[in-house]
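S.K.: Dropping a structure here in structure tokens format, bear with me for questions.
Each reported figure results from applying straightforward, stated rules to the coordinates on display, with no laboratory input. Since the model is a prediction, treat every value here as computed from it, not as a measurement. All Cβ positions, even for glycine, are placed from backbone atoms using ideal geometry, and neighbour counts span all protein chains on display.
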């Protein structure tokens, strides 16, 4: 009789959930019906590259300890979903919620986000986190990882805001209640 143990199927299951997470993010509501999201999933080699970049940034720029802590903790992930958004005004009138008088004025500042871009990204990540929760996959949304991915230029120049969600299935969520000192020793 052939038995399939959970630990032998875990990686496949996590990758299937990662695909569902990206689907949930893609189908989340978007302002003015415009979709500026860019989504991807990283596996072990990509996660390791991002972890190394986080450590490099922390040393080079004297960043807070939590950059190194996150660099170590993401190595526990079997997959990591990456969420990015392009920065493009929606052309809504009236608006001005970005701080500029209108979208034409905002367009003169291409690195300044449109509130709808960031709002859509947040809604998409909330939808994505609910899918992870529904499948009982441990996760955490991390801006630190997004900073490393931005510096690595993986999404090109049009994507200005990036977050990541490492995914794990284990007896304890490796991305929460972390022992900072123990993780820093592993770095």
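S.K.: Add -39500 (n - 2.57) for each DSSP H run of 4 or more in the chain, then divide by its residues: what number comes out at 222 nm, to the nearest 500 deg cm²/dmol?
M.R.: Result for the chain, helices only: -15000 deg cm²/dmol.
S.K.: Kirkwood-based Rg over Rh for the chain (C-alpha set), two decimals?
M.R.: Rounded to two decimals, Rg over Rh is 1.03.
S.K.: Note the per residue figure in Å³ for the convex hull of the C-alpha positions in region 66-114. Kindly include the intermediate steps, with their values, before the conclusion.
M.R.: Working: hull volume 5.2 nm³, N = 49.
Value for region 66-114: 107 Å³ per residue.
S.K.: Also: Rounded to the nearest Å, what's the spacing between the alpha carbon centres of region 58-83 and region 1-39? Just the number, please.
M.R.: If you average the Cα positions of each part, the centres end up 21 Å apart.
S.K.: So between residue 43 and residue 20, what do we pick up on full extension, going 0.36 nm a residue minus the alpha carbon distance?
M.R.: 6.7 nm
S.K.: For the chain, modelled as a GNM with alpha-carbon contacts under 10 angstrom, which of 121, 167, 39 fluctuates the most?
M.R.: 39
S.K.: Continuing with the same structure: Multiply the residue gap between residue 173 and residue 107 by 0.36 nm, knock off their C-alpha separation, and tell me the result in nm, one decimal place.
M.R.: 19.6 nm
S.K.: Which whole-number percent gives the relative contact order of region 32-85, counting Cα pairs below 8 Å spaced six or more residues apart?
M.R.: 56
S.K.: As a footprinting exposure proxy, order 108, 172 by other Cβ within 10 Å, with the fewest listed first.
M.R.: In order of increasing Cβ crowding within 10 Å: 108, 172.
S.K.: Can you give the relative contact order of region 27-186 as a percent, counting alpha carbon pairs under 8 Å and 6+ residues apart?
M.R.: Value for region 27-186: 31 percent.
S.K.: Neighbouring Cβ atoms within 10 Å as the yardstick, rank 103, 98, 114 fewest first.
M.R.: Fewest-to-most ranking of 103, 98, 114: 103, 98, 114.
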